[in-house]
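None of the figures in this text is laboratory data; all of them are computed from the coordinates on show. Please read these numbers as outputs of a predicted model, since none were measured by experiment. Heads up, the Cβs are rebuilt from the backbone with ideal geometry, glycines too, and the neighbour counts pull from every protein chain shown.
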Amino acid sequence: MQTHFSESQLQIPAIQIADEVLRKCVHCGFCTATCPTYRITGDERESPRGRISLIQHLLESGEAPTATTVANLDHCLSCLACESTCPSGVSYRRLIDQGRELIEEKYRRPLFDRSLRALLAWLLPRRDWFRRALIAGRWTKSALKQAGKYSAPIKALAELIPSKSANQTNTKSDAIAPGVYLAQGAEIKRVALIIGCVQSVLAPEIDAAAVRVLTRHGCTVIVPEASKAGCCGALPHHLGKRPQGREMAELNITSWQAMLNNKEHPLDAVLMTASGCSSMLKDYPHVLEGAIDSKTLSSLIKDISVILKDLFEIKNPVIAYQTSSPKIVAWQNPCSLQHGLKEKTAPISVLESCGFTVREPLDAHLCCGSAGTYNLLQPELAGKLSAEKSCRLAETGGEFVVSGNIGCITQLSKNFSNEDTSQERKALSVIHLSQMIDWATGGPMPENIRQNSK
Ligand code: SF4
Ligand code: SF4
């Protein structure tokens, strides 16, 4: 489509990128069919095509966004389903990132919204503070629920705080220490496993399972020291706080430089078991404007399922999980994995290699409503999306729900928990792929499955 940037605007690198992306969009509207928010509201401004027009106007005019435009852009999940659908290859993420940054620069949000966003961007990447906040949240959960009657974000926050008996054990004892975990038997592959922020507090058992299952199948795992950033930067980045996200990305790249360039022991891949974070690392060349090590990192980023699939092709998984007939599992592919990293087949393949019958829900391309901090900031839309996703997953008849991202696991666990009496749905365990494959090949039964089977 036509753009109307001035010559001086076109001197700005960010505008050059936006111009290139905008010119690719032919306004065909194919993307509207797979956009979760457009499906709910039916409003063009809540569709990818509509949002692209809104962002184009903001960039060309230089005007401050109105409250309505801010709401239309805030409602976007950054799920990237539109990118998967677009026949013209429009890179929507390049535009929405600029839109969010522009809102942050030019629009003054109401005090509560501003404070909540600042708090989330500060707190979530800081493991120790987040751990303390979680403990405090457990003690004050009932008070938060009361306060939630007056504020939807606080209600959403209270609902997401896991109780001690929930699947997230939140203990430091499960945490994986930095170091080298050698492959059992001959080394087939060598990977780095980056321990992130939120997941390492909510569910450290996921990375512990990843190390066990990888080493068991011939993969050496290097767990680097946590960088000063502590976070991949996705959380502030998607809140429009791009300088903060960029600073974290720079700190990470600097601290991983030696590991990425180790010629003696080169890496086959760099993994993060939260696909939302992997997707952000994959995008570092854009975040860091082409810095050389960011390109090396991006080329090495893979989902753990891809590495397991490769390993299983060389060394058959040793199935230790006893069952008379194959267990049926529902696979929930996170948006960051299917649309961000474009991975749809490897997770299913590794589950099937371990004897599971895998079923995907109807409308598998749609987001569960988690989307980073979206479930806290847009609880109404997130609630509708997660209720729909939970119904579709329950319809599969799966005995467990398996996913690849802590955000989706937390969001869906809430709907499938015994505590959720509002839904006529049986309690189901929602677990990470690493835990499922670890359990199937000799690791411990995941704690939430143990709890739900009592
Ligand atoms: S599908 Fe692609 S080209 Fe068509 S309107 Fe959507 S973004 Fe534009
Ligand atoms: S990223 Fe997701 S919610 Fe946002 S416009 Fe695209 S499909 Fe819609």
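How much of the DSSP bridge set in segment 318-453 is antiparallel, in percent, rounded to the nearest 5? Don't jump to the answer; show the numbers that get you there.
Values: 0 of 11 bridges.
In segment 318-453, approximately 0 percent of DSSP beta bridges are antiparallel ones.
Are there cysteines in the chain with no other Cys C-beta under 4.7 Å, and if so, which?
By the Cβ distance rule, which asks for a partner under 4.7 Å, the isolated cysteines are Cys25, Cys28, Cys35, Cys76, Cys86, Cys219, Cys354, Cys368, Cys391, Cys408.
Running Debye on segment 318-453 with equal point scatterers at the Cα sites and no solvent, what base-10 log of I(q)/I(0) appears at q = 0.17 Å⁻¹?
Rounded to two decimals, the profile gives -0.89.
Would you mind checking the tilt of helix 111-123 against the longest principal axis of the Cα atoms of the chain, expressed as 0 to 90 degrees and rounded to 10?
40
From zero outward in steps of 5 Å, how is the percent of C-alpha pairs of segment 273-392 spread across the bins?
2, 10, 16, 17, 18, 15, 12, 7, 3, 1, 0
Using only the alpha-carbon atoms, how far is helix 379-395 inclined from the longest principal axis of the chain? Give it as 0 to 90 degrees, nearest 10.
Approximately 40 degrees, to the nearest ten.
What does the extension gain come out to for Asp128 and Glu187, with contour length at 0.36 nm per residue minus their alpha carbon separation?
Numbers: separation 59, 0.36 × 59 = 21.24 nm, distance 3.46 nm.
Separation in residues times 0.36 nm, less the Cα-Cα distance, equals 17.8 nm.
Run the dipole for the chain about the Cα centre, Lys and Arg Cβ at +1, Asp and Glu Cβ at -1, nothing else charged, and hand back the magnitude in debye, nearest 20.
Working: 51 positive and 45 negative charges, 212 e Å.
With only Lys, Arg, Asp and Glu charged at Cβ, the dipole is about 1020 debye.
Give the separation of the Cα centroids, segment 7-28 to segment 197-237, in Å.
What the calculation gives is 37 Å, centre to centre.
Rg (Å, one decimal) plus Dmax (Å, integer) for the alpha carbons of the chain?
21.6, 70
Answer rounded, prolate or oblate for segment 9-106, using the Cα gyration tensor with square roots of eigenvalues a ≥ b ≥ c: rounded when a/c is under 1.5, else prolate when a/b is larger than b/c, else oblate. Each step should come with its number before you reach the end.
On the way: a/c = 1.99, a/b = 1.22, b/c = 1.64.
Taking the square roots of the gyration eigenvalues as a ≥ b ≥ c, segment 9-106 is oblate.
Cα-Cα over 18 Å: which of Lys24/Lys282; Lys282/Lys342; Lys241/Lys414; Lys309/Lys342; Lys302/Lys389; Lys24/Lys295?
Correct reply: Lys24/Lys282; Lys241/Lys414; Lys302/Lys389; Lys24/Lys295.
Using the 2.2 N^0.38 Å rule of thumb for compact globular proteins, work out how segment 172-306 stacks up: its C-alpha Rg over that value, please.
Working: Rg = 14.3 Å, N = 135, 2.2 N^0.38 = 14.2 Å.
Compared with the compact-globule rule of thumb, segment 172-306 sits at 1.00.
Distance between Cα centroids, segment 287-356 to segment 361-414: provide it in whole Å.
Using only Cα atoms to place each centre, the spacing works out to 19 Å.
Could you pull out the GluC sites (Glu not before Pro) across segment 4-69 that fall in loop regions by DSSP (anything but H, G, I, E, B) with no more than 10 other Cβ atoms inside 10 Å? If you can, show how the numbers build up before the last one.
Values: sites: Glu7, Glu20, Glu44, Glu46, Glu60, Glu63; in loops: Glu7, Glu63.
Qualifying residues, ordered by number: Glu7.
Sum -39500 (n - 2.57) across every DSSP H segment of at least 4 residues in the chain, then divide by the residue count to get the 222 nm mean residue ellipticity, nearest 500.
On the way: 24 runs with 230 residues, N = 454.
After summing the helix terms and dividing by the residues of the chain, the value is -14500 deg cm²/dmol.
Using 0.36 nm per residue, how much length does the chain from Ser8 to Glu264 gain when fully extended, once their Cα-Cα distance is taken away?
Result for the pair: 87.4 nm of gain on full extension.
When 1/r is averaged over all different Cα pairs and the result inverted, which Kirkwood radius in Å belongs to segment 275-316?
Result for segment 275-316 stands at 11.2 Å.
Quick check: the angle from helix 127-139's long axis to the longest principal axis of the chain, C-alpha only, nearest 10 degrees?
Tilt of helix 127-139: around 80 degrees.
Give the Debye-formula value of log10 I(q)/I(0) at each listed q (0.15, 0.25, 0.26, 0.28 Å⁻¹), with one equal scatterer per alpha carbon of segment 73-124, two decimals each.
Treating every Cα as an identical point scatterer, log10 I(q)/I(0) equals -0.54, -1.02, -1.06, -1.13.
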